[in-house]
Amino acid sequence: MANITTRPVTKLGIVGAGSVGTAIAYAALIKEAARTIVIYDLDGKRAEAEGLDLSHGTQFTGANTVTGGGAIEALAESDVIVVTAGARQKPGQSRLDLAAANVRIMESLMPQLMEQAPEAVYILVTNPCDILTVAAQKITGLPPNRIFSSGTVLDTSRLRLLLARAAHVLMTSVHATIIGEHGDSEFPVWSSASIGPVPIRDWKISGRQVFTDDFLAAITDDVVNAAYKVIEGKGATNYAIGLAVVRIVEAVFQAENAVLPVSALLRGEYGLSGVALSLPSIVGSGGVYKMLEMPLDERELGLLQDSAETLKQNLAALGI
């Protein structure tokens, strides 16, 4: 993908003052990820109140300014814009119907954002994020490195948490990744997963193999359905995705070249193109510098191809 740039980045724009947008703003504030944070929402009164509430805590953080409101012009010259705005899935509504509704929102929203911040890196959080990444890239004409979604960054964190608990080790010692669609067809790459240098299936406690095939299948199911469990209990997921998105933002702001499983438009990786899927990717100041092709066994490659085919069919149904 395109070469990364080195210009300083300090202004974070957030589109959407709902539970996810405000969680991102709060995480960015307490992690001192940006000097200036702006929240924009069609509900200007709500966005203004959220910005005011957050700004009252800036004495205790490294941010200079937090504001919110209904004027899109406040996003002007943002270096990174995170888009959380979109319709929520209604009872009985299919994922494809939700996708169609949110594509229409993107068709209206993205040109307005481009007018305010044509040089920004855009990170999409609105679901279904893989489909919307392709749609938004076509709407804006931006190079794929500058418009991508949070993908499976949070799903990977959920996976590592479960593995760490089962292995009785710190999460930072767990090396495992979820790739593919951010959704029901996502999957962990067990063939290269490890605890420290030990392959996941070889990890033992008191001589007992911990990660049997049945145990790994159960963990996969827990990860794929984790969001549903949270939503059932509290109505939405917001804190963890807020932290996950700010981790991506930090990689851009600090030009880290961090490897994160974000979702961007594929251009030949694993022989796939025309769809956006999550793969371990180098994320730096220009966005997604490069998507990496990690070793996959035959089964995993088949799962990735199936995930891509599902998304291609959905894109075709939407006329994208």
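The values are calculated or read from the model by the stated rules, or taken from the named source; none is laboratory data. These figures come from a predicted structure and were not determined experimentally. In this analysis, Cβ positions are derived from the backbone assuming ideal geometry, glycine residues included, and neighbour counts consider all displayed protein chains. Each accessible area value is taken on the protein alone, full model and side chains, heavy atoms only, with ligands, DNA and RNA left out. Shrake-Rupley method; radii C 1.70, N 1.55, O 1.52, S 1.80 Å.
Annotation: Ala120 fulfils all but one of (1) in contact with a Ser or Thr (Cβ under 7 Å, 6 or more places away or on another chain); (2) open to solvent by 20 Å² or more (accessible area, probe 1.4 Å); (3) of a type in the set (Gly, Ala, Ser); the unmet one is (2).
Among residues of the stretch 147-170 that are in contact (Cβ under 8 Å) with a residue 24 or more places away in the chain and over 18 Å from Ala240 (Cα atoms), those with a Cβ under 6 angstrom from a residue that is open to solvent by 40 Å² or more (accessible area, probe 1.4 Å) and in a loop (DSSP other than H, G, I, E, B), sequence gap 6+ or separate chain, pair up as Ala167/Trp203. Residues of the stretch 134-149 that are among the basic types (Lys, Arg) and within 21 Å of Ile282 (Cβ to Cβ): Arg146 alone.
Within the stretch 30-39, how many residues turn out to be open to solvent by less than 20 Å² (accessible area, probe 1.4 Å) and more than 16 Å from Ile248 (Cβ to Cβ)?
Filtering the stretch 30-39 for residues open to solvent by less than 20 Å² (accessible area, probe 1.4 Å) gives 33-34, 37-39.
In the following step, the residues that additionally are more than 16 Å from Ile248 (Cβ to Cβ) were identified as 38-39.
Matching residues across the stretch 30-39 total 2.
For the stretch 25-52, the tally of residues that are in a helix (DSSP H, G or I) and within 21 Å of Val245 (Cα to Cα) stands at 9. Of the residues screened, Ala264 is not one that is part of a strand (DSSP E or B) and within 14 Å of Gly183 (Cα to Cα).
Scan the stretch 258-283 residue by residue and report those that are more than 15 Å from the chain's Cα centre (by Cα), crowded, with 16+ Cβ neighbours inside 10 Å and in contact (Cβ under 8 Å) with a residue 60 or more places away in the chain. Val275, the sole residue that qualifies.
For every residue, the table says whether it meets (1) closer than 20 Å to Leu260 by Cβ; (2) of a type in the set (Phe, Trp, Tyr); (3) part of a strand (DSSP E or B).
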site	(1), (2), (3)
Ile179	yes, no, yes
His182	yes, no, no
Arg201	no, no, no
Phe211	no, yes, no
Phe215	no, yes, no
Asp221	no, no, no
Tyr228	no, yes, no
Ile231	no, no, no
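Screening Leu162 against (1) within 17 Å of the chain's Cα centre (by Cα); (2) under 25 Å from Ile24 (Cα atoms); (3) modelled with pLDDT of 95 or more leaves a single unmet condition, (1). Within the stretch 141-150, not a single residue is surrounded by fewer than 23 Cβ atoms within 10 Å (Cβ to Cβ) and more than 25 Å from Val288 (Cβ to Cβ). When you check Ile131 against the structure, is it closer than 20 Å to Gly13 by Cβ and touching a helix residue (DSSP H, G or I) at 6+ places or on another chain (Cβ under 7 Å), yes or no? In short, no.
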